[in-house]
1. Residues that are surrounded by fewer than 23 Cβ atoms within 10 Å (Cβ to Cβ) and in contact with a Phe, Trp or Tyr (Cβ under 8 Å, 6 or more places away or on another chain): list the strands (runs of 3 or more DSSP E) wholly contained in the range 280-346 that include at least 2 such residues.
2. Go over the candidates E309, E277, E289 one by one and state the one that is among the acidic types (D, E) and touching a Pro at 6+ places or on another chain (Cβ under 7 Å).
3. Evaluate the range 172-191: report whether one residue or more is in contact (Cβ under 8 Å) with a residue 60 or more places away in the chain and within 18 Å of the chain's Cα centre (by Cα).
4. Confirm whether F291 is more than 27 Å from V38 (Cβ to Cβ) and aromatic (F, W, Y).
5. Quick check on G5: is it modelled with pLDDT under 50 and either within 20 Å of E231 (Cα to Cα) or part of a strand (DSSP E or B) (or both)?
6. Just checking, does the range 237-258 include any residue being hydrophobic (A, V, I, L, M, F, W, C) and over 15 Å from the mean Cα position of the chain (by Cα)?
7. Search the range 58-86 for residues being small (G, A, S) and in a loop (DSSP other than H, G, I, E, B), and hand back the single one that is surrounded by the fewest Cβ atoms within 10 Å (Cβ to Cβ).
8. Taking T217, is it surrounded by 15 or more Cβ atoms within 10 Å (Cβ to Cβ) and in contact with a Lys or Arg (Cβ under 8 Å, 6 or more places away or on another chain)?
Amino acid sequence: MVGIGKRLFIPLLMSQVIPLSFGGERSDAALDAALDAVAPELTKLAVVCLVRDGGEKGAPCFDWIEYRDTADRKDFWPASTVKLYTVIAAMERVREAGFDLDVTATFEHREADGKWVLDSSRTLRELSSEVFRRSSNEDYTLLLRLVGIDWLNTKFLTAERGFPNSALMRGYVRTRPWVYEREEAQRIRLTSHDGSRSVVIEHTWRGRSYSEERGCTVIDAKTGNMTTPRELADCLRRVLFHEHLPESERFRISDEQLRFLREGGGGLSGLATVAAESGPSGWTGAAGEVFPKAKYFHKSGLISDHALELGYVVDSGNGGPRYFFVPVIGAGHATKPVDGETLVGRMSLEIAQWVKALTK
């Protein structure tokens, strides 16, 4: 099973760990000091979740530690990290319709004269893989079209599902045949692998601004994408510890979908990091230096003025720790003299060294 294996009890330094009044996270003076030292002039957010033994019937426990009360902050641009949300949501939606990963989704949009125009046709397996392999903006946007803005934000990104501060309102490509024009009617035909069955989904955005309702402040309050470090880390936790969670916390996906989401397969990519082109700044810049034999799962995000990483380090097979982490910085590919991706690597290194010190 992914990320389980040998388990290690991770003792917390209770003299430094202070309970917080919200969210279940705790603060740690050593972590705060370590991250303060990275680009002190820039805005930084971070959360870490340590995995340890100690739960009922051998289940793992999760200890949440945040950097300076930032775990639930949403005043940053999440960039490509939120593509993970659309992959899981699409898996849920096609399963709800009775299909699997090899379903083919054929995308159409309706023009002003009422004519339906064919745009693209892709399998869900391909769409998902490209999001993880190269963070494809085109495939992410198609996944957003598949589920639809209204369904995504009322059925998946809800407080009841673990996303009280998340909303997605826009795709990341503006050209045909991929673009998601919110005001256009969308038609998606789902067809089984053998062609024996098909279902049509039609939707048109109802005009509701979920991002504005949930407090978006970055780029555009009405049409921006938003989340928090805690919700990103918790989403990945639910994927990798699915079997150990109560039904109410599990994503509604099949065992096959779960395996593919974690590991990929057949030459296609999942969350497990196997190639540098997937942009694992938290690994190449840091964690691999401290835990070089560990397995790594991740989804990164980068724009001109924001960079972040959603990662999970599994070093239990080598007698080391397991931990989730999300470092965010207000710097991106256009930041000089040091770009945001490099700075995320430095934050990740500080987190890795802090985790290592806790586990000695």
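The values are calculated or read from the model by the stated rules, or taken from the named source; none is laboratory data. Treat the numbers as computed from the prediction; the structure is a model and nothing was measured. For neighbour counting, all protein chains shown are included, and Cβ atoms are generated from backbone atoms with ideal geometry for every residue, glycine included.
1. Output list is empty.
2. Going through E309, E277, E289 in turn, just one is among the acidic types (D, E) and touching a Pro at 6+ places or on another chain (Cβ under 7 Å): E309.
3. yes
4. Considered against the rule, which asks whether it is more than 27 Å from V38 (Cβ to Cβ) and aromatic (F, W, Y), F291 comes out as no.
5. No; evaluated as a whole, the condition is false for this residue.
6. Scanning the range 237-258, I find at least one residue that is hydrophobic (A, V, I, L, M, F, W, C) and over 15 Å from the mean Cα position of the chain (by Cα), so the answer is yes.
7. The selected residue is A59.
8. Taking the combined requirement at face value, the residue does not satisfy it.
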